Every structure is written in C-alpha cells, then in structure tokens.
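*Asks:* Take this structure, written in structure tokens, and hold onto it; I'll ask about it next.
The values are calculated or read from the model by the stated rules, or taken from the named source; none is laboratory data. Computed from a predicted model, the values in this text were never measured in an experiment. Note that we place each Cβ from the backbone using ideal geometry, even for glycine, and neighbour counts take in every protein chain shown.
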Amino acid sequence: MKKRLTYIDVINIVAIYAVLMLHSSQYWTPKTGTISNGIIQSIFIPAVYLFFMNSGAMLINYLDKYDTKTFFFKRFKRVVIPLIVWSIIWYLIDTRGYIFPAGPVAHTHPSIYDFIISFVNNNIFNIFWFFYAIILLYVTTPILAYIAKKNVNILFYIVCLSFVSNFLITYVLSLMNQAQVFSNAAIQTNPCTSTFIGFYIMGYLIKSNYFNSKQLNIFKTLGLISICILIISDILNFSKNIGNTPYLFFYSIGVFICLKQLVEKTNWFTKHNVIIAKLSSTSLAIYIVHPLFFKIITKAFHISDPSIVHTWLVPLITYVVCALLFIIIKKFKLINTILP
C-alpha cells in the first residue's frame, strides 16, 4: 500500500489556508491598515511555494514506483483535466464581471476563439498560473528523476542556479532599479533555472534527507531572519517587493523544514492522520473554487470587502465549508475527477 507522509498532508493544509489568507488580505485600505495587511502578506507568502516543494518531494522519485508513461497519465488526470474543465466553467461564470481576488478575467465578447487564446495565455482565471507552472515542472521531472538516480548533487546545483538567477541577481538589480534589465535574459527561459524548480527540488532533497541537521538549522535560521526582515519592513513602511527575493526563498524553505520536523516529533499528528489526510485531499479543490465562496460568503453575511472581518473570518469560513463539502462530494467519481 502507498504510505502517506503526514507532514506532507499538514503542509498541504497550511499551504491552502495561507493562500486564503493572502487573497483575503489583498485589500490595502485605511480601513484594514496597509501595515497590518502587509504583515499578513509577508507571513503567508510561502503558500504556493509549499505546494511546489510538496510536489517535488512526492514526485521526483516516481521511478521507484512506476514508469514515465504512468507518471504522465497520473499528472494529466490530476492537473490537466481539472485545468481544462474549470477554465471552461470559470470562463462561462464570469464573462461580464470580475470575482475578486485574482480573477477570473472578464470576457465581454465570449467565443470559442477567445476562449482558446485566453486559455493559452492564462487569461481566464489568474490564480491558475499555478497549474501552468506545475505542468512545466512535470515536464522536467523525468530529467530530474534520472539525475536523482545518478548524482543527487547535481539537483542541488540546479537549486543554486535557480536561486542565483531568479532570487539573488534580480533582488540586487531591483535595489539598483535595474530589475527589468535581467527579466528578458535567456537564462530565465530555461526550465532548469526557472523560478519554481528550486522549490520543487528542495522539497525532494529535504524529504530524502540530503541535508544534515546542521545544514537544516542554517536554512531555518535564514528563514527566521528573512521573515523578521519582511515584517520589520512592513512596520517601518519600507517599500519592498516580497516576490523573487532571497527572503522569500529562505523563508519558504524554513517553513517547510519546521513543519516537517514538528509533525515528525509530535504524536498528535500521527493519531489524527486519517482526518488530516482527508483535509489535505481537498486543498487543490479549494484552490480552484475559493474566490466563488469568498463572494458568496461576503454577500450572505453582508461583509465589507476591505475590513478586518473579511481578512480574518472569510478565509476560516471558506476553509471549513469547502473542506467539509469536498470531503463529502469527492466520494463521487466524476466530482473527484474534476475536483482533484
């Protein structure tokens, strides 16, 4: 039987809740407080990067379980089919309006041609960028799996390349107001140095115990320093770009390591691993539909969008309602296919 790793499930749950918090705190107004919302954004920014690390942790060693044909079939069923189906659904739902946060994009002149062009350009539902990014990582996974078998040190070398090209250099150039100079560089289009592949590989390296305890502690320390810098920047109201900075890189990795170690050292998670697994299984479905639930909940309870209640309460209600709903309806095969 396939052995589930409880810490992977816990990280999935934390990651999707972080996504909800990021999207509920996107209204930066005097009512909510730009500083407080900025701090929320900084704290929960690892959200999707935790998903990338979880995916790498579970998939880079796929050759130990099945062949490449099976790998692509499983990924197609898990991601590509839901992407196509929900792109159609969201395209039809919001052709004339806009559901905050993060899409979908309004299409006032819907047509098959417009849908195809929009689908290719990720111009239907903005948060679906995650699917396009993860599909690119799936395409490169057979190469990574082969490297992992032959020389795992090369995987860490790729992580270093990705960090230097996507986080270190871009951050330094941004400090010099020259970020655009590097944005069109050829190295950016190389899948092996893409923004997300470093996280994808790090998930696998951490899971496979590539790093010793001292090295893990260094990553955790750098992560702690990073989040402190981000929060202090918010408090002092410094202008900052959270994305593609060394702070994001180290903070996300530090969170992954801390959650893994916490779960492995605490019996509570093992005792409740069944319910944790069920909650974890709803994460991707919640990611797909949560903006609609945001809108339904805010209208049903007459919650003002730019408010503290919206920032803190709507994500909690959305998660509880969606998790319970999807645990029930995903028992049906068709639903389970389109809501992974």
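*Asks:* Test of understanding: among L259, L236, which residue is farther than 22 Å from N166 by Cα and under 17 Å from the mean Cα position of the chain (by Cα)?
*Replies:* Result of the check over L259, L236: L259.
*Asks:* Looking only at the stretch 207-239, count how many residues are in a loop (DSSP other than H, G, I, E, B) and surrounded by fewer than 16 Cβ atoms within 10 Å (Cβ to Cβ).
*Replies:* 7
*Asks:* Is at least one residue of the stretch 193-209 closer than 20 Å to T68 by Cα, of a type outside the set (K, R), out of contact with any strand residue (DSSP E or B) (no Cβ under 6 Å at 6 or more places or on another chain) and at pLDDT below 95?
*Replies:* yes
*Asks:* Mind listing whichever residues of the stretch 43-65 are assigned to a helix (DSSP H, G or I) and among the charged types (D, E, K, R)?
*Replies:* Listed by number, the list holds a single entry, D64.
*Asks:* In the stretch 14-35, which residue that is surrounded by fewer than 19 Cβ atoms within 10 Å (Cβ to Cβ) and touching a Ser or Thr at 6+ places or on another chain (Cβ under 8 Å) is modelled with the lowest pLDDT?
*Replies:* Checking each candidate, the answer is K31.
*Asks:* Specify which of the listed residues (F250, F269) is of a type in the set (F, W, Y), under 19 Å from I45 (Cβ atoms) and not in a loop (DSSP other than H, G, I, E, B).
*Replies:* Result: F250 is the single residue among F250, F269 that is of a type in the set (F, W, Y), under 19 Å from I45 (Cβ atoms) and not in a loop (DSSP other than H, G, I, E, B).
*Asks:* On the given criteria, is V263 of a type in the set (V, I, T), part of a helix (DSSP H, G or I) and either more than 23 Å from F130 (Cβ to Cβ) or in contact with a strand residue (DSSP E or B) (Cβ under 8 Å, 6 or more places away or on another chain) (or both)?
*Replies:* Answer is yes for this residue.
*Asks:* Return yes when I303 is without any contact (Cβ under 8 Å) to a residue 24 or more places away in the chain and surrounded by 15 or more Cβ atoms within 10 Å (Cβ to Cβ) and no when it is not.
*Replies:* yes
*Asks:* Which condition number does P306 fail, the rest of (1) in a helix (DSSP H, G or I); (2) more than 22 Å from the chain's Cα centre (by Cα); (3) not aliphatic (A, V, I, L, M) being met?
*Replies:* Looking at each condition in turn, P306 falls short on (1).
*Asks:* Of all the residues that make up the stretch 284-303, how many are farther than 15 Å from F128 by Cβ and assigned to a helix (DSSP H, G or I)?
*Replies:* Within the stretch 284-303, residues that are farther than 15 Å from F128 by Cβ and assigned to a helix (DSSP H, G or I) number 8.
*Asks:* Conditions first: (1) modelled with pLDDT of 75 or more; (2) surrounded by 16 or more Cβ atoms within 10 Å (Cβ to Cβ). Y113 passes all but one, so which condition is the exception?
*Replies:* (2)
*Asks:* When the residues of the stretch 116-133 are narrowed to those that are loosely packed, with under 11 Cβ neighbours inside 10 Å and in a helix (DSSP H, G or I), which ends up modelled with the highest pLDDT?
*Replies:* Looking at residues that are loosely packed, with under 11 Cβ neighbours inside 10 Å and in a helix (DSSP H, G or I), I get I116.
*Asks:* Restricting to the stretch 249-284, give me the number of residues that are crowded, with 17+ Cβ neighbours inside 10 Å and more than 16 Å from V14 (Cβ to Cβ).
*Replies:* The number of residues fulfilling the criteria is 2.
*Asks:* Oh, and also: Cβ-Cβ distance below 9 Å, separation of 6 or more or different chains: which pairs start in the stretch 45-61 with a residue that is within 28 Å of C228 (Cβ to Cβ) and modelled with pLDDT of 95 or more and end on one that is of a type in the set (S, T, N, Q) and part of a loop (DSSP other than H, G, I, E, B)?
*Replies:* As it stands, the answer is A57/S208, since those pairs meet every condition given.
*Asks:* Across the stretch 79-101, what is the total count of residues that are surrounded by 15 or more Cβ atoms within 10 Å (Cβ to Cβ), at pLDDT 85 or above and not small (G, A, S)?
*Replies:* 7
*Asks:* In this structure, does N241 turn out to be modelled with pLDDT of 90 or more and not hydrophobic (A, V, I, L, M, F, W, C)?
*Replies:* Working: modelled with pLDDT of 90 or more: no; not hydrophobic (A, V, I, L, M, F, W, C): yes.
The answer is no for N241.
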